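The values are calculated or read from the model by the stated rules, or taken from the named source; none is laboratory data. Since we're looking at a predicted model, the values are computed, not measured. Note that we place each Cβ from the backbone using ideal geometry, even for glycine, and neighbour counts take in every protein chain shown. SASA here: full protein model, heavy atoms, side chains in, ligands and nucleic acids out. Shrake-Rupley method; radii C 1.70, N 1.55, O 1.52, S 1.80 Å.
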Amino acid sequence: MTEPTLVDEDLKHLVTLFYTRVRADPQLGPVFNDVISDWPEHLDRITDFWSSVVFASGRYKGNPLAMHMLHADRITPPLFDRWLLLWADTTDALLPREAAAAVQARASRIAETLRAVICPPPPLRTDQT
């Protein structure tokens, strides 16, 4: 028996539950709640983003890096780790195992790209004596 495939309604439910958890999270909630004023619009936009990532639907028409850079002063490396942990917990709870693993891998790659730009490591010291 094969596992069911991921469909668009799964993404909508996943995004809604995930961001309900994000909003309540003591680490992530304050950052997201301070920045997002229209949660229904944000959830629609993020659902479009994940539809584009998972299904190559082309529904998302934005620049996630630019959006995150607007708030780079509040985003720290531990917040990326917390976001990924919450994403993994939520996807594991809602999706078939293979689908959860696939969206977790994509989320991890996206997070690493964002982290590299938003929170680059300090330059190596080149002390010369």
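Table for the structure above
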quantity: Hits in segment 1-33 (condition: acidic (Asp, Glu) and without any contact (Cβ under 8 Å) to a residue 40 or more places away in the chain); calculated: Glu9
quantity: Single residue of segment 25-54 satisfying the filter (open to solvent by 80 Å² or more (accessible area, probe 1.4 Å) and closer than 20 Å to Arg82 by Cα) that is nearest to the chain's Cα centre (by Cα); calculated: Gln27
quantity: Helices (runs of 4 or more DSSP H) contained entirely in segment 1-104, each with at least 1 residues that are modelled with pLDDT of 90 or more and farther than 24 Å from Ile118 by Cα; calculated: 8-24, 39-55, 77-94
quantity: First in segment 85-112 and more than 18 Å from Ala56 (Cα to Cα) and touching a residue at least 60 places away in the same chain (Cβ under 8 Å), second anywhere and among the small types (Gly, Ala, Ser) and assigned to a helix (DSSP H, G or I), Cβ under 6 Å, 6 or more apart; calculated: Trp87/Ala107; Thr91/Ala100
